[in-house]
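The values are calculated or read from the model by the stated rules, or taken from the named source; none is laboratory data. What you see is a predicted model; the values in this text were computed from it and never measured. Because the Cβ atoms are built from the backbone with ideal geometry, glycine has one as well, and the counts that use them run over all protein chains shown.
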Amino acid sequence: MIWEGATSIDGSGLGKVPSGEALEQISSIGIRMVPELDSHRVVLQTACLRPVTPDGDPILGRVPGKDGLFIATGTAGQGILLAPVIGRAMSDLVLTGETDIDISSFGFERFKGQGQD
């Protein structure tokens, strides 16, 4: 089985319906890279919405007012790329209560007063 990439569409009100255009775009890139893919069939195509924060940055760290609860979300389509550093920072926080990775600007608190408190 081979997994191929993803597409991204900005906007609101988008559903979770896979598009033929996205499938064609991803497939044609994959076939250019690995011509043998042309002789294989697509088994599954999915679509999903990605979590994005109002300021475009992820939310990382402790959840205010909830002891022992941590959050790591809002990475949009960059989660897979950021996973190693986010995973390290979050595991540090959970295990030791602190991290040497500066995530201070990504706290949930930055949305206080914006309907998020």
Quick one: how many residues across the range 22-47 are at pLDDT 85 or above and loosely packed, with under 10 Cβ neighbours inside 10 Å? 7
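Among the residues of the range 17-36, is there at least one that is of a type in the set (Ser, Thr, Tyr), closer than 28 Å to Lys112 by Cα and either in contact (Cβ under 8 Å) with a residue 40 or more places away in the chain or part of a loop (DSSP other than H, G, I, E, B) (or both)? Reasoning before the result, please.
In the first step, residues of the range 17-36 are kept if they are of a type in the set (Ser, Thr, Tyr); the result is 19, 27-28.
Keeping just the survivors that are closer than 28 Å to Lys112 by Cα gives none.
For the range 17-36, residues of a type in the set (Ser, Thr, Tyr), closer than 28 Å to Lys112 by Cα and either in contact (Cβ under 8 Å) with a residue 40 or more places away in the chain or part of a loop (DSSP other than H, G, I, E, B) (or both): absent.
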Only one of Gly107, Gly68 is of a type outside the set (A, V, I, L, M, F, W, C) and at positive phi; which? Gly68
When residues of the range 99-117 are limited to those that are of a type in the set (Asp, Glu) and within 17 Å of Asp57 (Cα to Cα), the one surrounded by the most Cβ atoms within 10 Å (Cβ to Cβ): Glu109
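Does Ser8 count as surrounded by 10 or more Cβ atoms within 10 Å (Cβ to Cβ) and small (Gly, Ala, Ser)?
Working: surrounded by 10 or more Cβ atoms within 10 Å (Cβ to Cβ): no; small (Gly, Ala, Ser): yes.
Here the answer is no, as Ser8 does not meet what is asked.
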Of all residues in the range 48-82 being modelled with pLDDT of 90 or more, among the small types (Gly, Ala, Ser) and within 17 Å of Ile103 (Cβ to Cβ), the one that is nearest to the chain's Cα centre (by Cα): Gly74
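Can you find even one residue in the range 56-76 that is assigned to a helix (DSSP H, G or I), out of contact with any Leu (no Cβ under 9 Å at 6 or more places or on another chain) and under 28 Å from Glu109 (Cα atoms)?
Let us first name the residues in the range 56-76 that are assigned to a helix (DSSP H, G or I), namely 76.
Going one step further and asking which of them are out of contact with any Leu (no Cβ under 9 Å at 6 or more places or on another chain), we end up with 76.
With the extra rule that they be under 28 Å from Glu109 (Cα atoms), the set shrinks to 76.
So far as the range 56-76 goes, yes, one or more of its residues are assigned to a helix (DSSP H, G or I), out of contact with any Leu (no Cβ under 9 Å at 6 or more places or on another chain) and under 28 Å from Glu109 (Cα atoms).
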Residues that are surrounded by 14 or more Cβ atoms within 10 Å (Cβ to Cβ), farther than 20 Å from Ile9 by Cβ and in contact with a strand residue (DSSP E or B) (Cβ under 9 Å, 6 or more places away or on another chain), drawn from the range 74-98: Leu82, Ile86, Ala89, Met90, Leu93
